[in-house]
């Protein structure tokens, strides 16, 4: 089996698991374990289908980093339920999911799946860094299209896109990005800045939608080129040029907010998947304690293939 690294956008997956598995699934003490069980089933399916030899659960140490908010105060603002002065803001998360996060971490640990985060950064930034420095093909598993900016056929980096559900996984490569949006993958961050993304509180340039953003990028190459051409009067319609110029303050900061980090200081190596007898025994004991049942059995079978 050739080496392949799989990077999990972990929060994206455990949210999907939480909403995809009934919360009537509980441990003996009544604690909901639907997200933990669902995540194990997701991992089992991904490992069986795509056969990674290395696996990392990338973690949001800070889901709304202050440096991004300082640049763009609307960034993810609609998801905040409590502002914290000296730490990450509190995200709107169902209490029964919040209660399962420690169990999810313990489950990943007992299976030997590395959990990697970085202070003041999101999982996207960890994924960007690990994908960029990988010397093997990479599968990025996420429901977040922001990570399309990392797709690179030449380096074997693709996205396993979960937005349509685990039964309808899509492989996003260079051709898929172009077919969806009419742009290259390396233009995606500029495209997102122009178009905006309400799910992240990214307003975009008013009046510039997907088609006009794609056309401007086709004509000018990148956002800097678009802004220069708008000032020179050499690209787009007069109305588009006026909109680009009027959004100067936003466009000064949006690219930094949208682009994922690729140069974080992280642990240098990712070990191969290895679930030996001792680890399997500990995982089974954890499953018995928390009623993880067949979900743990399936995960173990996939990881021990």
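Structure notes:
For every residue, the table says whether it meets (1) under 30 Å from residue 302 (Cβ atoms); (2) crowded, with 20+ Cβ neighbours inside 10 Å.
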| residue | (1), (2) |
| --- | --- |
| 117 | yes, no |
| 133 | yes, no |
| 138 | yes, yes |
| 182 | no, no |
| 189 | no, yes |
| 199 | no, no |
| 209 | no, no |
| 214 | no, no |
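- Top-ranked residue in region 161-180 [being surrounded by 20 or more Cβ atoms within 10 Å (Cβ to Cβ) and touching a strand residue (DSSP E or B) at 6+ places or on another chain (Cβ under 7 Å); ranked as farthest from residue 256 (Cα to Cα)]: 162
- Filtered residue count, region 94-108, keeping only those that are surrounded by 20 or more Cβ atoms within 10 Å (Cβ to Cβ) and not in a helix (DSSP H, G or I): 1
- Filter pass, residue 84 being in contact with a strand residue (DSSP E or B) (Cβ under 8 Å, 6 or more places away or on another chain), modelled with pLDDT under 95 and in a loop (DSSP other than H, G, I, E, B): yes
- None of 275, 257, 253, 270 is touching a helix residue (DSSP H, G or I) at 6+ places or on another chain (Cβ under 6 Å) and either over 30 Å from residue 80 (Cβ atoms) or outside any helix (DSSP H, G or I) (or both) except 275.
- No other residue among 62, 23, 86 is over 22 Å from residue 293 (Cα atoms) and touching a residue at least 40 places away in the same chain (Cβ under 8 Å) apart from 62.
- Of the residues screened, residue 64 is one that is farther than 24 Å from residue 301 by Cα, assigned by TED's automatic domain parsing to the domain that holds residue 165, modelled with pLDDT of 95 or more and part of a loop (DSSP other than H, G, I, E, B).
- Within region 70-87, the set of residues being crowded, with 16+ Cβ neighbours inside 10 Å and closer than 10 Å to residue 198 by Cα comprises 75, 76.
- Elements of the type strands (runs of 3 or more DSSP E) sitting completely within region 124-200 and holding at least 1 residues that are without any contact (Cβ under 8 Å) to a residue 12 or more places away in the chain and in the same structural domain as residue 68 (by TED's automatic domain parsing): these cover 170-172.
- Filtered residue count, region 263-278, keeping only those that are surrounded by 15 or more Cβ atoms within 10 Å (Cβ to Cβ) and at pLDDT 95 or above: 1
- No other residue among 55, 39 is assigned to a helix (DSSP H, G or I) and surrounded by 15 or more Cβ atoms within 10 Å (Cβ to Cβ) apart from 39.
- Just one of the numbered conditions (1) under 19 Å from the mean Cα position of the chain (by Cα); (2) in contact (Cβ under 8 Å) with a residue 40 or more places away in the chain; (3) farther than 30 Å from residue 135 by Cβ is not true of residue 67: (3).
- Members of region 228-244 found to be in a helix (DSSP H, G or I) and either farther than 20 Å from residue 197 by Cα or in contact (Cβ under 8 Å) with a residue 40 or more places away in the chain (or both), listed by number: 228, 229, 230, 231, 232, 238, 239, 241, 242
- Residues of region 102-118 satisfying the condition of being in contact with a helix residue (DSSP H, G or I) (Cβ under 9 Å, 6 or more places away or on another chain) and either free of Cβ contacts under 8 Å to residues at least 12 places away in the same chain or at positive phi (or both): 112
- Set 300, 251: member being farther than 27 Å from residue 72 by Cβ, crowded, with 18+ Cβ neighbours inside 10 Å and outside the structural domain of residue 147 (by TED's automatic domain parsing): 300
The values are calculated or read from the model by the stated rules, or taken from the named source; none is laboratory data. All of these numbers come straight from a predicted model, not from anything done at the bench. Using ideal geometry, Cβ is built from the backbone for each residue, glycine included, and neighbour counts are taken over all protein chains shown.
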